[in-house]
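Participant: The structure's right below; bear with me while I get my questions together.
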Amino acid sequence: MPAVFLKDRSLLFVSGAEAQSFLQNLITTDISALGADEARPGALLTPQGKILFDFMIWQDGDGYMIETDAGQRDSLLKRLTMYKLRAAVTLAPSTEEGVTVCWGEDAEDSQGVRGSQGVRDSRFTKAGITLIRRPGKLGDGKEALYDALRISHGIVTSGSDFALQDAFPHDVLMDFNGGLSFRKGCYVGQEVVSRMQHRGTARRRVVTVSAATALPETGTEITAAGKPVGTLGSVEGGSGLAIVRIDRAGAAMAAGTPLLAGETPVSLILPAWSGLVFPASADEASA
């Protein structure tokens, strides 16, 4: 596949003697478990456990590179600076703008995928795809190709698929894709997400949506018997992503009740790599 340039991504470099401990005590990702050539998803949460900022993070030399939406970077930098206090940490925007991704044969043929040269996206690795992320513009493939790949494997992005400060990490499958740690100790919002994990109360989950015709636009409500189940996110033709209440969707599917995105009949599938299944009843959902 061609290399695709994602122009709306920006980079932030975190370095210094205390960079690892600073990030480890702040974000959802277990920094100590990062592989040398691996990018993992991560988030900085509100104290209530919702996603305030989302990003990818990887090792870059003696520091860490954070890749986020261009519209988030300055606000994220300001928030990290607020937490910095007297820590021996340097926070600086990268001089490179945008990120290039490649997968398939292009990724398999890549050499030297360390640090700023390129890292493997762990979200796609979970789905059985080798996808490499590199800072800067290194290709001109259509961004729709990348969006189609994300959609087919249930990989969401903020803005298109969920609103910041409106979703918990569990909602976007961070408990399965390597972006959420339950073992490393405290970080902002950790008590809430740990409680959700131990009580098994996560009901909203990412699904892939398919239809026999083109799906309606992003933001369209998905319903069953007139009751809301979720909302469409990214859409490419007859395929899309949504975050839905899997207890409600599962009960509707078990009862043979049609699921509709607007007026379009749709089917929902949980990403295979998550291992999740739709509960068939309310009792099963609460088990």
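Participant: Looking at Ser234, Ser267, which one is modelled with pLDDT of 95 or more, in contact with a strand residue (DSSP E or B) (Cβ under 8 Å, 6 or more places away or on another chain), farther than 18 Å from Thr157 by Cβ and part of a strand (DSSP E or B)?
Facilitator: Ser267
Participant: Also, quick follow-up: Select, from Thr68, Thr90, Thr81, Thr95, the only residue that is open to solvent by 30 Å² or more (accessible area, probe 1.4 Å) and in contact with a helix residue (DSSP H, G or I) (Cβ under 9 Å, 6 or more places away or on another chain).
Facilitator: Selected residue: Thr90, the only one of Thr68, Thr90, Thr81, Thr95 that is open to solvent by 30 Å² or more (accessible area, probe 1.4 Å) and in contact with a helix residue (DSSP H, G or I) (Cβ under 9 Å, 6 or more places away or on another chain).
Participant: For region 143-173, which residues satisfy the criterion of being open to solvent by 10 Å² or more (accessible area, probe 1.4 Å) and in a loop (DSSP other than H, G, I, E, B)?
Facilitator: Val156, Thr157, Gly159, Ser160, Asp161, Ala163, Leu164, Gln165, Asp166, Phe168
Participant: Let me ask you something else. Report, by residue number, each residue of region 1-48 that is farther than 13 Å from Met65 by Cβ, assigned to a helix (DSSP H, G or I) and either touching an Asp or Glu at 6+ places or on another chain (Cβ under 8 Å) or hydrophobic (A, V, I, L, M, F, W, C) (or both).
Facilitator: Hits for region 1-48 are Phe22, Gln24, Ala33.
Participant: Specify which of the listed residues (Arg123, Arg133) is assigned to a helix (DSSP H, G or I), buried (at least 20 other Cβ atoms within 10 Å of the Cβ) and modelled with pLDDT of 95 or more.
Facilitator: It is Arg123.
Participant: From the set of residues in region 23-54 that are over 17 Å from the mean Cα position of the chain (by Cα) and not polar (S, T, N, Q), which is most open to solvent (accessible area, probe 1.4 Å)?
Facilitator: Pro47
Participant: Still on this structure, please answer the following. If Arg79 satisfies all but one of (1) touching a strand residue (DSSP E or B) at 6+ places or on another chain (Cβ under 8 Å); (2) touching a residue at least 40 places away in the same chain (Cβ under 8 Å), what's the number of the condition it fails?
Facilitator: Every listed condition holds for Arg79 apart from (2).
The values are calculated or read from the model by the stated rules, or taken from the named source; none is laboratory data. The structure displayed is predicted, hence computed values, not measured ones. Every residue, glycine among them, receives a Cβ derived from its backbone with ideal geometry; neighbour counts consider all protein chains shown. Remember, those area values only see protein heavy atoms, side chains included, never the ligands or the DNA or RNA. Shrake-Rupley method; radii C 1.70, N 1.55, O 1.52, S 1.80 Å.
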